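Undergrad: Here's a structure for you.
A short reminder: the numbers here are calculations on the coordinates, not readings from a lab. Not measured: the values here are computed from a predicted model. Counting neighbours? That spans all protein chains shown, and the Cβs are built from the backbone with ideal geometry, glycine included.
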Amino acid sequence: MKRQSVWVSSETLAAEWECSLVHIKRLREDGTFKPNYHWRNISPKSPRPTYRYHRERCAQAFEVEATLTLVPDASESHHESVG
């Protein structure tokens, strides 16, 4: 049985999560994914970076991000008027 790599490409992560490459990029750029913990550039001297993502750490961060997105903001709660 072949063991899955802990570090995967953007394409692999997007396919596993059924999301776009743009979404993966956005999570990296907005700081949800931290450099050298969630992602790393395996070609630092190349003009075009090649990213690898830590499968489990990214999944945990993605779950937290999704949970925060789904929690309603208290200022946006709907109050029925009484009267």
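Undergrad: Which of the residues that make up region 29-67 are of a type in the set (S, T, N, Q) and farther than 20 Å from Ser5 by Cβ? Let's see the steps before the verdict.
TA: Filtering region 29-67 down to residues of a type in the set (S, T, N, Q) leaves 32, 36, 41, 43, 46, 50, 60, 67.
Thr32, Ser46, Thr67 - these are the residues of region 29-67 that are of a type in the set (S, T, N, Q) and farther than 20 Å from Ser5 by Cβ.
Undergrad: Please identify the pairs in which a residue from region 20-36 that is without any contact (Cβ under 8 Å) to a residue 12 or more places away in the chain and of a type outside the set (Lys, Arg) has its Cβ atom under 6 Å from the Cβ atom of a residue that is surrounded by 13 or more Cβ atoms within 10 Å (Cβ to Cβ) and not in a loop (DSSP other than H, G, I, E, B), counting only partners at least 6 apart or on another chain.
TA: Leu21/Ser10; Leu21/Ala14
Undergrad: Among the residues of region 18-69 satisfying the criterion of being surrounded by fewer than 11 Cβ atoms within 10 Å (Cβ to Cβ) and basic (Lys, Arg), which is nearest to the chain's Cα centre (by Cα)?
TA: Arg48
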